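Below is one structure, written out as structure tokens; comments come after it.
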Amino acid sequence: MKLASLDLGGRDGRLFVVSRDLTRAVPATDIADTMQEALEDWANAAPRLQNLSDALNAGSLAGAVPFDPSRALAPLPRAWQWLDGSAFQAHGELMAKVFGIENPQTDKPLMYQGMSHRFIAPAAPVPFPTEEDGIDFEGEFAVVTDEVPMGTDAARARTHVRLVLLLNDWSLRAAARAEMATGFGWIQAKPACSAAPIAVTPDELGEAW
């Protein structure tokens, strides 16, 4: 199924189910007011959301409205945590070369804990103080989980994946060199990410998942 958070009041918007062809949407607030609320009660919310999605795609819902992505917030306008991982060691090697720092060799994925209290809506302007900050961006896949217990191994972690979405991860390269050198992590160099309007359950991806 496909889900969105529409800008209909409240900081986190209102949860809607969106048709597979992205033309229609129906409020899901009888099930959960927000995406976060649905995630926190996923075992109960997901089957009901799926039933709503099936009815919407079958064209049997009278309450459906046209889906307007310009009214969408980020699917999760804010989250408990945002961890950005780089799957390729070559990325770390390139960053080290650009910034003139030592790249630690490790078999663990490169990862940092980024800003999570705000994700920018897909059609919203993204404010930056100056182009002198070296504005850059990366398209990324984001995987949304429910609560993952400490010590969960990789195989079991797959069972906690609930949604997948697209992000635009902004960087301010001029600030990155100094922050990388501290070894503490990003503060100024990694502003809020922008998000696409739709989050999908993994089954929507078919064999690609």
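Can you say whether A192 is out of contact with any Phe, Trp or Tyr (no Cβ under 8 Å at 6 or more places or on another chain), on the phi < 0 side of the Ramachandran plot and either modelled with pLDDT of 95 or more or not β-branched (V, I, T) (or both), as far as the supplied structure shows? I'd like the intermediate steps shown before the answer.
Working: out of contact with any Phe, Trp or Tyr (no Cβ under 8 Å at 6 or more places or on another chain): no; on the phi < 0 side of the Ramachandran plot: yes; either modelled with pLDDT of 95 or more or not β-branched (V, I, T) (or both): yes.
Here the answer is no, as A192 does not meet what is asked.
Filter the stretch 134-165 down to residues that are exposed (fewer than 14 other Cβ atoms within 10 Å of the Cβ), out of contact with any helix residue (DSSP H, G or I) (no Cβ under 8 Å at 6 or more places or on another chain) and either touching a residue at least 40 places away in the same chain (Cβ under 8 Å) or not β-branched (V, I, T) (or both), then give me how many there are.
Result for the stretch 134-165: 13.
In the stretch 18-37, which residues are touching a strand residue (DSSP E or B) at 6+ places or on another chain (Cβ under 6 Å) and crowded, with 18+ Cβ neighbours inside 10 Å?
Those that are touching a strand residue (DSSP E or B) at 6+ places or on another chain (Cβ under 6 Å) and crowded, with 18+ Cβ neighbours inside 10 Å: V18, A25, V26, A28, A32, T34, M35.
Does the stretch 183-204 hold any residues that are within 18 Å of M115 (Cα to Cα) and of a type outside the set (F, W, Y), and which are they? Walk me through it before giving the result.
Of the stretch 183-204, the ones within 18 Å of M115 (Cα to Cα) are 183-196.
Correct list: G183, G185, I187, Q188, A189, K190, P191, A192, C193, S194, A195, A196.
Quick check, is R118 in contact (Cβ under 8 Å) with a residue 24 or more places away in the chain, open to solvent by 90 Å² or more (accessible area, probe 1.4 Å) and either under 30 Å from A43 (Cα atoms) or in a loop (DSSP other than H, G, I, E, B) (or both)?
yes
The rows are residues; the columns are (1) over 20 Å from the mean Cα position of the chain (by Cα); (2) farther than 21 Å from N51 by Cα.
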residue	(1), (2)
R156	yes, yes
V164	no, no
L167	no, yes
A181	yes, yes
A189	no, yes
A199	no, no
E204	no, no
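Go through (1) closer than 25 Å to A38 by Cα; (2) in contact with a helix residue (DSSP H, G or I) (Cβ under 8 Å, 6 or more places away or on another chain); (3) of a type outside the set (G, A, S) and name the single condition L110 misses.
Condition not satisfied by L110: (1).
Taking the condition over 19 Å from D84 (Cβ atoms) and without any contact (Cβ under 8 Å) to a residue 60 or more places away in the chain, does W209 pass?
Values: over 19 Å from D84 (Cβ atoms): yes; without any contact (Cβ under 8 Å) to a residue 60 or more places away in the chain: yes.
Criteria met by W209.
The values are calculated or read from the model by the stated rules, or taken from the named source; none is laboratory data. Computed from a predicted structure; not experimentally measured. As a convention, Cβ positions derive from the backbone with ideal geometry for all residues, glycine included, and neighbour counts pool all protein chains shown. Remember, those area values only see protein heavy atoms, side chains included, never the ligands or the DNA or RNA. Shrake-Rupley method; radii C 1.70, N 1.55, O 1.52, S 1.80 Å.
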